[in-house]
1. Go through (1) modelled with pLDDT under 85; (2) buried (at least 16 other Cβ atoms within 10 Å of the Cβ) one by one and return the number of the condition Phe490 breaks.
2. Taking only pairs six or more apart or across chains, which ones have beta-carbon atoms under 7 Å, a first residue in the stretch 98-122 that is open to solvent by 80 Å² or more (accessible area, probe 1.4 Å) and at pLDDT below 75, and a second residue that is part of a helix (DSSP H, G or I) and not polar (S, T, N, Q)?
3. Could you list, in sequence order, all residues of the stretch 474-485 that are surrounded by 15 or more Cβ atoms within 10 Å (Cβ to Cβ) and in a loop (DSSP other than H, G, I, E, B)?
4. Does Arg148 count as in contact (Cβ under 8 Å) with a residue 12 or more places away in the chain, open to solvent by 90 Å² or more (accessible area, probe 1.4 Å), part of a helix (DSSP H, G or I) and not aliphatic (A, V, I, L, M)?
5. What are the residues in the stretch 136-149 that are in contact with a Lys or Arg (Cβ under 9 Å, 6 or more places away or on another chain) and at pLDDT below 85, if any?
6. Show the residue pairs meeting these rules: Cβ distance below 8 Å; 6+ apart or different chains; first residue within the stretch 357-377 and open to solvent by 60 Å² or more (accessible area, probe 1.4 Å); second residue part of a helix (DSSP H, G or I).
7. Looking at this structure, is Asn403 in contact with a strand residue (DSSP E or B) (Cβ under 9 Å, 6 or more places away or on another chain) and closer than 19 Å to Glu323 by Cα?
8. If you check Asp203, Asp232, which single one turns out to be modelled with pLDDT under 85, in a loop (DSSP other than H, G, I, E, B) and either more than 29 Å from the chain's Cα centre (by Cα) or exposed (fewer than 15 other Cβ atoms within 10 Å of the Cβ) (or both)?
Amino acid sequence: MKKSKAEQNKIVPYFMSIALVAITTFLGGLIRGAIEPTNIVIFYLLIVVMTAVWWGRYPAITTSLLSVLAFDYFLVPPYLTFAVSDVQYVFTFIGLLAVGLVVSALASKTRQQAMDAQWREEQTAILYRLSKDLAASDSLEAVLRSIRMNVGGIFDCRVAVFLPSDHGITPGSFDHDFPIDEHENTIAAWVFRNGKPAGWGTDTLPASKAHYLPLNTSQGVFGVLGVFFKDDKAGLDPGACNLLSALASQAAVAVQRAKLTEISRQMELIREREKLQTALLNSISHDLRTPLVTIMGALSSLLQDFSSIDAETRKELLETAYEESGHLNRLVGNLLDMTRVEAGALKMKTKPCELRDVIGASLHLLKDKLEKRDIQMHIPRVLPEILLDFNLMMRVLVNLIDNAMKYSAPDTPIEITVKVLENKVKIEVKDKGFGIPEEDLERIFDKFYRAVKPRQITGTGLGLSICKGIVEAHGGQIFAKNNPDKGVMFTVILPLEVKET
């Protein structure tokens, strides 16, 4: 049977020891006539120290014994025999052997301490590298991937991380050639329940193909780490076991942190959802109630005193009810549009459109509100046609113009500017109103968010959010900034070509 590589590595130092003794003896034979044989002992002591430093204690002890025998047999008269003609050489042999043994023990101890220090340094570097990778992982999937890559790279093995689920313990992340079957899953489940290592290389369920460790923290077991060695090994040495346990402990903390972060993120989403629901209810209770109360009041007056009310008053009440019903219809329409934008159900029907027509249709829709307004338009005489959804883009411009009217005084102008860039078109809607606080500029496109405003201005806070959804669906951008003098300018940038969705 062929020796394994590990066995060969253990035998090589002893052959090297024999070779060093032979070389030293040969050189001693060349100079034995020139110096006293006892002086050659120094060279034997030197190779004992060298052997202890390079290969450890037992090869050094072997070198010491061989040195005494070789010195006696080849360099002490009578030669080529172990007989001793002078009794002083006996003390030399004893001294050489004793000093050799002591020196080998001290040198090998120093070597072992150096190796232990190097191992601790390597272990610290490994743990630091894993800690760094885990700290940079921003999700549970990234944490599991980092554990697999680091542990697999360090031990040259296949790795799997098992996590608890509704169906028991299941592989959360694993290498493709890790043995995943019912038997291995059962062992991983046992490790998870009992919080103890099991499987290959242990006394518990050793018939398993892989070695399993629990991912233990102070708050319990968060998973199971499995390692599988494709090469046939007798087992893990104590140093490798300790390192693997340390890696498992660090991995457990990272998995715990990732899970807690995930729970925290879910709780934050729930809080945001509750916040949105509260904002929606507040909006409905206030902004939708106002037109309803007006409509009901007008119709109630007509029903109770229809015969006593003159024709002109009846007409005014009906007009008021009609206007408020239109306002109510727009509010409900905004809610429905926002729902479609959120659900990704906003379907566009794009076709080549003249931007001048879109702006004209938007102004026509707001003609009743714009009767006394100064609308200043700066539009080039020649404009390229743009692929867009006419009705949706008209909704954007209506919202922006209506927003400009609500947030500026009736005697101030509203400017609409169109500029043609290289492959884009820029639309600017500018007012001379109250402006927006700088801290609100980035948030005004959020759902239900409304900047500081006069009390009499109503709305759900959905208009700008809907505009953003429509513009981005066209592949464009929308943003706002305060004018240097007064008011706000909303900018819409559209590409000249929009892919149909």
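1. (1)
2. Trp119/Gly239
3. Hits for the stretch 474-485 are His474, Gly475, Gly476.
4. Working: in contact (Cβ under 8 Å) with a residue 12 or more places away in the chain: yes; open to solvent by 90 Å² or more (accessible area, probe 1.4 Å): no; part of a helix (DSSP H, G or I): yes; not aliphatic (A, V, I, L, M): yes.
When the stated conditions are applied, Arg148 does not pass them.
5. Ser137, Leu140
6. Every condition considered, the pairs that remain are Asp357/Phe390; Leu365/Met394; Leu365/Val398; Lys369/Asp402; Lys369/Met405; Met377/Ile359.
7. Details: in contact with a strand residue (DSSP E or B) (Cβ under 9 Å, 6 or more places away or on another chain): yes; closer than 19 Å to Glu323 by Cα: yes.
Criteria met by Asn403.
8. Details: Asp203 fails: modelled with pLDDT under 85.
Just one listed residue meets the conditions, Asp232.
The values are calculated or read from the model by the stated rules, or taken from the named source; none is laboratory data. It should be emphasised that the depicted structure is a prediction, and the values quoted were computed from it without experimental measurement. Backbone-built Cβ (ideal geometry, glycine too); neighbour counts: all protein chains shown. We work out accessible area using only protein heavy atoms, side chains counted, and drop any ligands, DNA or RNA first. Shrake-Rupley method; radii C 1.70, N 1.55, O 1.52, S 1.80 Å.
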